[in-house]
1. Given a cut-off of under 8 Å on Cα pairs at least six residues apart, what relative contact order in percent is computed for the chain?
2. Expressed as an acute angle from 0 to 90° and rounded to the nearest 10, what is the orientation of the C-alpha long axis of helix 59-71 relative to the principal long axis of the chain?
3. Full-extension gain between Glu131 and Lys166, please, as 0.36 nm times their residue separation minus the C-alpha to C-alpha distance.
4. Between Asp32 and Asn55, what is 0.36 nm times their sequence separation minus the Cα-Cα distance? Round to one decimal in nm.
5. Write down the percent of antiparallel bridges among all DSSP beta bridges whose residues are both part of the chain, to the nearest 5.
6. How far apart, in nm, are two points set 7 Å out from the Cα along the Cα-to-Cβ line at Arg218 and at Arg71?
7. Output the 0 to 90 degree angle, nearest 10, between the alpha-carbon long axis of helix 258-267 and the longest principal axis computed from the alpha carbons of the chain.
8. On the Cα set of the range 210-313, report Rg and Dmax in Å, please.
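The values are calculated or read from the model by the stated rules, or taken from the named source; none is laboratory data. Every value quoted in this text rests on a predicted model; they were computed, and no experiment measured them. Every residue, glycine as well, gets a Cβ built from its backbone with ideal geometry; the counts of neighbours run over all protein chains shown. Accessible surface areas use protein heavy atoms only, side chains included; no ligands, DNA or RNA. Shrake-Rupley method; radii C 1.70, N 1.55, O 1.52, S 1.80 Å.
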Amino acid sequence: MGRSGIRVAPFAFGGNVFGWTVNESMAFKLLDEFTSSGFNLIDTADVYSTWVPGNKGGESETIIGQWLSSRKNRKDVIIATKLGKPMGPGKLGLSAKYIRQAIEDSLKRLQTDYIDLYQSHDDDPHTPMEETLSTFTELIKEGKVRAIGASNFTDDRLAQALTISKANSYARYESLQPPYNLYNRSIEKDLQPLCIKEEIGIISYYALASGFLTGKYRTENDLNKSVRGQGIKKYLDSKGKKILSALDEVSTKYNTYPATIALAWLMSRPAVVAPIASATNEAQLKDLLKSVEITLDEESIRLLSGEALTVDG
């Protein structure tokens, strides 16, 4: 994970589904399957899952905390969580005061005394970066955080943060969590080259484009198959259909599923440490985990990359 010294298996479980489409009982089964298969990086955020009616945020962290407590395996897993998105009146951003409040809340929910990777969920233009980074540095010195990461930053702002960290001997962002998949490749223009140059590990979200790259959604009628369906409509264009065609061809070649190939493609990309994806049942998860066993040949990578058209942005 960047220069942090933290080592992770090349696939991360996305905890955004916990407390939403996955209840605690199923979450425990999924996390047991994930870790028993040799994987260790679990990504969550304090804001998961505020979008569910009746939820207030923290549901995902709470479920993970219950699991950690019951399994007594804290040292065997890498917990990545995030702060900064709105969690209620006055609860947002990256000010020193709020970081202090947010981390204590997350530690309590996760039932742990440290977080392996603490990430800025969004950039905060209203708080000086020096204030944010100096506070993160204090948390690392106090043993509450091992490393820090950024999510949803532009290349300019990430570069600025790195410059400030270097000039002041602050902790630096060791990871970047951007959207990145076969359909959305906008980071290849600026962010990915910066991460390669600065040795920052990419842990990409929307690795399966909200499920579109599983191949389950091919017509507008398919959008009713899940609660996430309507968010996938934007991918049903000519570009998306060409990507699915390429995935079909390569998945047939490797005798596996489109989702598995989509993740294997991401794992072949420069600076990508571990793409993030979630599953709602054990069968889905097992299919996703197979991605680490596949090394795509050059022909397949060219086909997938070519069918994905050009870089966005």
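1. In percent, rounded to a whole number, it is 18.
2. Roughly 80 degrees, rounded to the nearest 10.
3. Full-extension gain reported as 11.2 nm.
4. Length difference between fully extended and current span is 5.8 nm.
5. 0 percent
6. 3.5 nm
7. The angle comes out at about 50 degrees.
8. Considering the range 210-313 through its Cα atoms, Rg and Dmax are 13.4, 37 Å.
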